[in-house]
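All remarks here apply to the structure that follows.
The values are calculated or read from the model by the stated rules, or taken from the named source; none is laboratory data. Owing to the predicted nature of the structure, the values given are computational and were not obtained by experimental measurement. Using ideal geometry, Cβ is built from the backbone for each residue, glycine included, and neighbour counts are taken over all protein chains shown. Only protein heavy atoms, including side chains, enter the accessible area calculation; ligands, DNA and RNA are left aside. Shrake-Rupley method; radii C 1.70, N 1.55, O 1.52, S 1.80 Å.
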Amino acid sequence: MADTPRPISFLRVPGVEDVPEGVQRLWEKSREAFGFIPNVFRAQALNGAQFEAWWKYFNLLVNKEGHLSNAERELIAVVVSGINRCTYCAVSHGAALREYSGDPVTADLVAVNWRQAELDERQQAMAEYAELLTRAPGSVDEGDLEPMRAAGMDEHEILEAVQVIGMFNMTNRVSSALGMVPNHEYHSQAR
């Protein structure tokens, strides 16, 4: 292991004095809640207004009360991030999946190959669709939604699953393009 830590982004990471007041408040809230500021919050804050807009939608989809459970949204996040080989999101959302599911073994398996995890019918249907939409978005058609319907998902849940899949495909690309490094704290969280 290197003595010098890797930079958290390929681009300059702004200091607190360089970001808008809304970003400063978010950084402080995350420090209070988690004990650290997620590197994604620091790296993307270089463009403060765009970061704040992304965060509002991301927060709405992933952290607020929705149609899917927190564990289901994190399952989708980890499946998509594993397929996209996005280190930052696979590690950080793998930690969240461990937390919400209470199952570190399944969370670790999902991050590498979701097919090896013992998922129920509903989880498997979401994982299959997340993989299809991530790998071959141009090939999807209405029939591809049938396994989620058959697993008992209603239209609100299906739409939310699609939105979370889309959000993580976009976020994975930004995180990977910037070479974002996960916070060290994620590796031991919920173990």
Give the residue that is nearest to the chain's Cα centre (by Cα), with candidates limited to residues of the range 1-44 that are open to solvent by 60 Å² or more (accessible area, probe 1.4 Å) and closer than 17 Å to ALA177 by Cα.
ARG42
Looking at the range 45-58 only, could you name the residues that are closer than 20 Å to ALA90 by Cα and open to solvent by 30 Å² or more (accessible area, probe 1.4 Å)?
TRP55, TYR57
Looking at the range 177-188, can you tell me whether even one residue there is among the polar types (S, T, N, Q) and in a helix (DSSP H, G or I)?
no
For helices (runs of 4 or more DSSP H) lying entirely in the range 54-124, having 2 or more residues that are under 24 Å from ARG42 (Cα atoms) picks out 70-83, 87-101
Looking at (1) under 17 Å from the mean Cα position of the chain (by Cα); (2) more than 29 Å from PHE36 (Cα to Cα); (3) of a type in the set (S, T, N, Q), which one does SER139 not meet, given that it meets all the others?
(1)
Kindly list, by first and then second residue, each pair from a residue in the range 138-154 that is over 13 Å from GLN124 (Cβ atoms) to a residue that is of a type outside the set (A, V, I, L, M), limited to pairs with Cβ atoms under 8 Å and residues at least 6 apart or on different chains.
ASP144/TYR129; LEU145/TYR129; ASP154/HIS67
